[in-house]
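The values are calculated or read from the model by the stated rules, or taken from the named source; none is laboratory data. Nothing here was measured: the structure is a model prediction, and the numbers come from that model. For neighbour counting, all protein chains shown are included, and Cβ atoms are generated from backbone atoms with ideal geometry for every residue, glycine included.
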Amino acid sequence: MAIIQKIALTFTIIGAINWGLIGLLDFNLVNALFGKMDMLENLIYIIVGICGLINLGLLFTRLYQEDK
């Protein structure tokens, strides 16, 4: 499970960097890398979203474990 968590964290970080670039520079890194491949771009966004949910679950799991 640790490998899945690390992969999810990596994708979440990439997504956060992409959103930072969009907010600061109006530059979409995913679009720049994959161009007009809408289906692939949407798949990447879906993967990043799922990874964010995995990390959200990890946050609450760790908070619950620290309370004990």
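Laid out as a table, the results:
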{"read-out": "Cβ pairs under 7 Å, 6+ apart, first in the stretch 1-29 and surrounded by 11 or more Cβ atoms within 10 Å (Cβ to Cβ), second among the polar types (S, T, N, Q) and part of a helix (DSSP H, G or I)", "value": "Ala8/Asn55; Leu9/Asn55; Thr12/Asn55; Asn28/Asn18; Leu29/Asn18"}
{"read-out": "All positions within the stretch 1-38 that are part of a helix (DSSP H, G or I) and of a type in the set (Gly, Ala, Ser)", "value": "Ala2, Ala8, Gly15, Ala16, Gly20, Gly23, Ala32"}
{"read-out": "Leading residue by the ranking (modelled with the lowest pLDDT) among those in the stretch 3-41 that are polar (S, T, N, Q) and more than 13 Å from the chain's Cα centre (by Cα)", "value": "Asn31"}
{"read-out": "Which numbered condition Lys68 fails, given (1) loosely packed, with under 13 Cβ neighbours inside 10 Å; (2) modelled with pLDDT of 90 or more", "value": "(2)"}
